[in-house]
Amino acid sequence: MSAFNLAQESADAENEQTPAATATPEVDSATAELNEANAVETEVAQEDDTAEQIETEQDQLGEIEDEVAQESNGLSPVAARLLSQSLKRIVGKQQATKIHAMENYQSGRSGQMEARRIALEGIKETLKQFWEAIKAQLKKFYNKVKTYFVKAFSAARKMKDRAEALQKKANGTVGTIEDKQFSFGQTKAIAVDGKYNDAGVLTTGLNDVRKVVTGLLTVQKADKYESTVDTAAASVESMVGKLKKDLSADVSADTTGLITKLKEVQGVKVIKIMTNPETKLVEMYVPKGSDDAVEFSTGLPGGKSVVEVIANVNSKDNSIEAVTKVVKNTRLILGNDRYTPRDVTEGEVKTLNTSQVDKVCDDVIEIAETAYTYEKAWEKRDKFQAKLEREIDTVIKSINSDDDVDSRAQRIIRNFATAFTTSVRRRTSFESQFIGYALNTGSAFLNYAERSLGQHKSK
């Protein structure tokens, strides 16, 4: 069943509460909190994937609408069958039958023209329904995100407490290192570029995680992001008013500088950029034939990289299509630093000295503090998201009820409006995912640091 159909069926259903993970007495408080957050983050990712699928199905249906509209001689029997198959794949059998039932198909020129008319009307009405499906899925997504952040912020506070206690212990540790290396079960989580036997490389990797967290997730950055997107959203009403009358209308006054502003709030340049990434890795995010660009941060612990997809448009192109592309396509993703992730197994790691343990604790403390102080930014984001959705809802309902606007114009304007909700959802998804990654990486490094202190022989 298509994601669109599933979303429609659950649009009025009550959102389920996420059960809390059960912590055993043996699990320390910080780890227990983090495990609970991780369980919810998995559900956030699932709801995010479903939202992406619904939006993809909407785009696919819009493309089919264009193809059917171009059939000036009507739908031939072959074209009608292909249409029916495509509709079943995108919106499900039941909805496809509502749009175009093959059993009602009549041959001949008049029958073919009638089939085209019925199909276009059905597709147009179904496209109107997609916004309701998108809204329903966004509600599920943000409810999960809210639950996740409550747990993640709590886990961050517990992690800071743990790091401060370990740092105090390290500062009071004297003596020599008895065992210069030891077996560690979390080598995969701390490994950088697949290597885990160089303590300097590992601690530098954790420091890079800290730089990304503080560089992309601070309240200041969030304020700038909200201001940029809020300004962009405020121009929607003006642009839609012009475009409803004339799809080719000049909207440059509403879009001047918008593309630049949107690009400014992205960026992975807080740390080094990967040189010569694998071709297959690039094509995971920017397929062949796309004119979009992609940049990868250098490898982070656990074989991860921050990926930035940058929509490529003519700087002088202020059309609604260009702005839609930039808003929707420019995004940040937590991905892998290799096309095929390395197989890192448990192995021997070098024992950290007390200075290195102290530095690990410093980085983890800053990661944790940035995570839970981000709660203020999230509260603003939550309010902003709700406001944006209301504004977009008004635009969509206006477009859907205006029969004087042709279907293509409706779809283009609808895509432009919904692109903003897509952009905010993707940003929120990245932030929740990266916070989770940073906290889990910090936890693994604290385990590494704690085990290292155990290798020191007292005088």
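Please quote Rg/Rh for region 414-459 to two decimal places, taking the Kirkwood radius as Rh and restricting both calculations to Cα atoms. Could the numbers behind the result be given before it?
Values: Rg = 20.4 Å, Rh = 13.7 Å.
My calculation of the ratio gives 1.49.
Would you calculate the separation in nanometres between label points at residue 314 and residue 109, each defined as 7 Å from the Cα along the Cα-to-beta-carbon direction?
Using points 7 Å along Cα→Cβ, the separation is 4.0 nm.
Suppose R0 equals 22 Å; then what is the FRET efficiency for residue 101 and residue 53 from their Cβ-Cβ distance, rounded to the nearest 0.05? Write down the numbers at each step before the final one.
Values: r = 25 Å, r/R0 = 1.15.
Step by step, r from the Cβ atoms, then E = 0.30.
Report, largest value first, the span of the C-alpha coordinates of region 321-425 along each principal axis, in whole Å.
73, 36, 21
Contact order normalised by length for region 325-459, with contacts defined as Cα pairs under 8 Å and 6 or more residues apart; what percent is it?
Working: 54 pairs, mean separation 73.3, N = 135.
Relative contact order here is 54 percent.
log₁₀ I(q)/I(0) of region 107-188 at q = 0.11, 0.24 Å⁻¹, via Debye over equal Cα point scatterers, no solvent, to two decimals?
Here the Debye-derived log intensity ratios amount to -0.67, -1.12.
Step through the table entries 180/359; 128/316; 124/387; 316/380, compare each Cα-Cα distance with 22 Å, and write down the pairs that go over it. Write down the numbers at each step before the final one.
Details: 180/359 18 Å; 128/316 32 Å; 124/387 27 Å; 316/380 33 Å.
Flagged as over cut-off: 128/316; 124/387; 316/380.
If you find the alpha carbon centre of region 291-340 and of region 126-149, how far apart are they in angstrom?
Distance between centres, Cα-based: 23 Å.
Could you state, as a whole-number percent, how many of the C-alpha pairs of region 375-459 are farther apart than 16 Å?
Values: 2450 of 3570 pairs.
For region 375-459, the share of Cα pairs beyond 16 Å comes to 69 percent.
Using DSSP to call loops (not H, G, I, E or B), can you name the trypsin sites (Lys or Arg not before Pro) in region 151-189 whose Cβ has at most 12 other Cβ atoms within 10 angstrom?
180
Would you mind computing, in nm to one decimal, how far apart the modelled labels at residue 376 and residue 275 are, each placed 7 Å from Cα along Cα→Cβ?
4.0
For residue 291 and residue 174, calculate 0.36 nm times their separation in residues minus their Cα-Cα distance, and state this gained length in nm to one decimal.
Contour length minus Cα-Cα distance gives 36.3 nm.
Any chance you could run the full-extension gain for residue 343 through residue 207? It's 0.36 nm times the residue separation minus the Cα-Cα distance, nm to one decimal. Each step should come with its number before you reach the end.
On the way: separation 136, 0.36 × 136 = 48.96 nm, distance 2.32 nm.
That works out to 46.6 nm of additional length.
For region 351-398, compute the orientation-averaged projected area of the C-alpha convex hull (one quarter of its surface), in nm². Please report the intermediate quantities before stating the final value.
Details: hull surface 18.8 nm².
In nm², the orientation-averaged hull projection of region 351-398 is 4.7.
Tell me, rounded to the nearest percent, the portion of alpha carbon pairs in region 68-125 spaced more than 18 Å apart. List each step's numbers first, then the result.
Numbers: 347 of 1653 pairs.
The share of Cα pairs beyond 18 Å in region 68-125 comes to 21 percent.
How many percent of the alpha carbon pairs in region 54-195 exceed a separation of 17 Å? Don't jump to the answer; show the numbers that get you there.
Details: 7358 of 10011 pairs.
Result: 73 percent of Cα pairs exceed 17 Å.
Is there a pair in 160/188; 160/376; 160/304; 160/350; 146/397; 93/139 whose C-alpha atoms are over 21 Å apart, and which pairs would that be? Walk me through the numbers on the way to the answer.
Values: 160/188 23 Å; 160/376 18 Å; 160/304 23 Å; 160/350 24 Å; 146/397 27 Å; 93/139 26 Å.
In this structure, 160/188; 160/304; 160/350; 146/397; 93/139 exceed 21 Å between Cα atoms.
With a cut-off of 18 Å, note down the residues of region 44-83 whose backbone N falls inside the zone around a label point 7 Å from the Cα of residue 117 toward its beta carbon.
68-77, 80
Using a simple charge model, +1 on the beta-carbon of Lys and Arg, -1 on the beta-carbon of Asp and Glu, nothing else, what dipole does region 328-393 show about its Cα centre, in debye to the nearest 20?
440
How large is ³J(HN,Hα), in whole Hz, for each residue of region 407-420 in order, when computed from phi with the Karplus curve 6.51 cos²θ - 1.76 cosθ + 1.60 and θ = phi - 60°, using x for Gly and Pro?
3J(HN,Hα) across region 407-420, in whole Hz: 4, 5, 4, 4, 5, 5, 5, 4, 5, 4, 5, 6, 4, 5.
Under 16 Å from a label point 7 Å along Cα→Cβ of residue 198: give me every residue in region 326-354 with its amide N that close.
Counting backbone N atoms under 16 Å from the label point, the list is 349-351.
Computed from the coordinates by the stated procedures, all read-outs in this text should not be read as laboratory data. What you see is a predicted model; the values in this text were computed from it and never measured. Ideal geometry is used to build each Cβ from the backbone, glycine not excepted, and the neighbour counts take in all protein chains shown.
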